[in-house]
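S.K.: Sharing a structure, written as structure tokens. Questions coming.
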Amino acid sequence: FFGSDCEQLYAEIQQDYDFTNNYVTYWVKVPALSATSDSKIHMYFDAFKPDNNQFIGDTGESAAQNVWDNSFVGVWHMANNPESQVSDSTVNAIHATSAGAMTSNDLIDGVIGKSIEFDGVDDVLDTHYNSVLDITQSVTVEAIATKTVDDTDNYLLTRGDADTSGEDQKSYGFS
């Protein structure tokens, strides 16, 4: 990836090239966009060049983590099989683990690449305790979600304030 002044840009591979569907998902750190003229980003593929590990990487790799600056506490694309962990794309590495009846069948096609389907009963992804999640100021949460059940008890993001021992948890869960 190259910006308009030909500098290389950091990119995270969310979904590598799917030859069957001609589809790929990359997240790119764009340094600036112009409000008055077209901003151009160029992406080059060359099967004969070695991998560009310095600027392009899979979730968790250094190049991919450079897409997200320290303003991002966590970024979960929900593109992982929920039977394993759902990886955080930032340097904080606050990975989430599933609880409930989540299986590999819950990894479905979404608006952007793969997505995770929650059953609305007991499915949850838990970030567990992490001091970085001790957020005491305003926070912005962004998500693409489709709600299929009209139930006032379902939440997209919840915060655990205390575990069963009464210890302060400061964990978050997606459900």
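S.K.: Using a Förster distance of 25 Å, how high is the FRET efficiency between Asp58 and Ala101, based on the Cβ-Cβ distance and rounded to 0.05?
M.R.: Working: r = 28 Å, r/R0 = 1.12.
In this case the efficiency is close to 0.35.
S.K.: At Glu142 and Phe48, where each label point lies 7 Å from the Cα along Cα→Cβ, what is the point-to-point distance in nanometres?
M.R.: 3.8 nm
S.K.: Please work out the ratio of the alpha-carbon Rg of the stretch 57-99 to 2.2 N^0.38 Å and round it to two decimals.
M.R.: Against the compact-globule rule of thumb, the ratio is 1.10.
S.K.: Can you list the residues of the stretch 53-72 with backbone N under 11 Å from a point 7 Å past the Cα of Gln85, pointing along Cα to Cβ?
M.R.: Inside the label zone: 60.
S.K.: Can you send over the solvent-accessible area of Val121, 1.4 Å probe, protein chains only, in Å² to the nearest 10?
M.R.: 130 Å²
S.K.: Then there is this: Could you derive backbone 3J(HN,Hα) for the stretch 26-37 from the dihedral phi with the Karplus parameters 6.51, -1.76 and 1.60 (θ = phi - 60°), listing whole Hz in sequence and x where the residue is Gly or Pro?
M.R.: 10, 9, 10, 7, 9, x, 6, 10, 8, 8, 10, 9
S.K.: Between Phe45, Gly3, Val28, whose Cα lies farthest towards the positive end of the dipole of the stretch 1-151 when Lys and Arg beta carbons carry +1 and Asp and Glu beta carbons carry -1, centred on the Cα centre?
M.R.: The Cα lying farthest towards the positive end belongs to Gly3.
S.K.: Restrict the search to the stretch 1-100; then list the chymotrypsin sites (Phe, Trp or Tyr not before Pro) that DSSP places in a loop and that have at most 13 other Cβ atoms within 10 Å of their Cβ.
M.R.: Phe19, Tyr44, Phe45, Phe48
S.K.: Over the stretch 1-135, consider all pairs of different Cα atoms and compute the Kirkwood hydrodynamic radius from their mean reciprocal separation; express it in Å, one decimal. Present the calculation step by step, with values, prior to reporting the outcome.
M.R.: Working: mean 1/r = 0.0602 Å⁻¹.
Its Kirkwood hydrodynamic radius stands at 16.6 Å.
S.K.: Per 0.36 nm of contour for each residue apart, how much would the distance between Asp69 and Asp109 grow if the chain were fully extended, relative to their Cα-Cα spacing?
M.R.: 11.6 nm
The values are calculated or read from the model by the stated rules, or taken from the named source; none is laboratory data. In this text, all values refer to a predicted model and were calculated from it rather than measured experimentally. Cβ coordinates were reconstructed from backbone atoms using ideal geometry, including for glycine residues, and neighbour counts include every protein chain displayed. The area values use the complete protein model at the heavy-atom level, side chains included, leaving out ligands, DNA and RNA. Shrake-Rupley method; radii C 1.70, N 1.55, O 1.52, S 1.80 Å.
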